[in-house]
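Below is one structure, written out as structure tokens, with a few remarks after it.
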Amino acid sequence: MPQQVAELDRLFQALADPTRRAVVEQLGRGPKGTSELARTFDMALPSFIQHLELLERAGLVTSKKEGRVRTYWLTPRPLQAAEGWMAKQRELWELRLDQFDEYLNTLEEDES
């Protein structure tokens, strides 16, 4: 369980930044090289590469270098883990809200 928590922490840290979320969206349309990805961002290439490295450490992307070109692919498994975690949270809060609604209904009935 602690390993899963650490993976989720890395994932949410990676997704906390708008640049990295935009990279994930771009890679959702297919693999791209470093330069192609960096072109849409107004930052120095070394700074942009740091974003890519963080995404790779979080397991959201994988890369392969062929010659002088490094290509990145989206890795959906961590997103599935986050989706599962969020679904559990949603279930919990829906249950709590249902219970709260029932409680309010009993209060209304008692006042009648």
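For the residue pair ASP101 and LYS64, what label-to-label distance in nm results when each label sits 7 Å from Cα along the Cα-to-beta-carbon direction?
4.9
Evaluate E = 1/(1 + (r/R0)^6) for LEU45 and GLN3, where r is the Cβ-Cβ distance and R0 equals 41 Å; express this FRET efficiency to the nearest 0.05.
For LEU45 and GLN3, the calculated efficiency is 0.80.
Among PRO76, PRO46, PRO31, which one moves the most in a GNM of the chain with springs linking Cα atoms closer than 10 Å?
PRO46
Could you work out how far helix 18-27 tilts from the main Cα principal axis of the chain, as a 0 to 90 degree angle to the nearest 10?
70
Quick one: length gained pulling GLN89 to ALA16 fully straight, 0.36 nm per residue minus the C-alpha distance?
Numbers: separation 73, 0.36 × 73 = 26.28 nm, distance 1.86 nm.
Separation in residues times 0.36 nm, less the Cα-Cα distance, equals 24.4 nm.
Where a number appears in this text, it was derived from the coordinates with a stated rule and is not lab data. All figures in this text were calculated on a predicted structure; none of them were measured in a lab. Don't worry about glycine lacking a Cβ; one is built from the backbone with ideal geometry, like all the others, and counts go over all protein chains shown.
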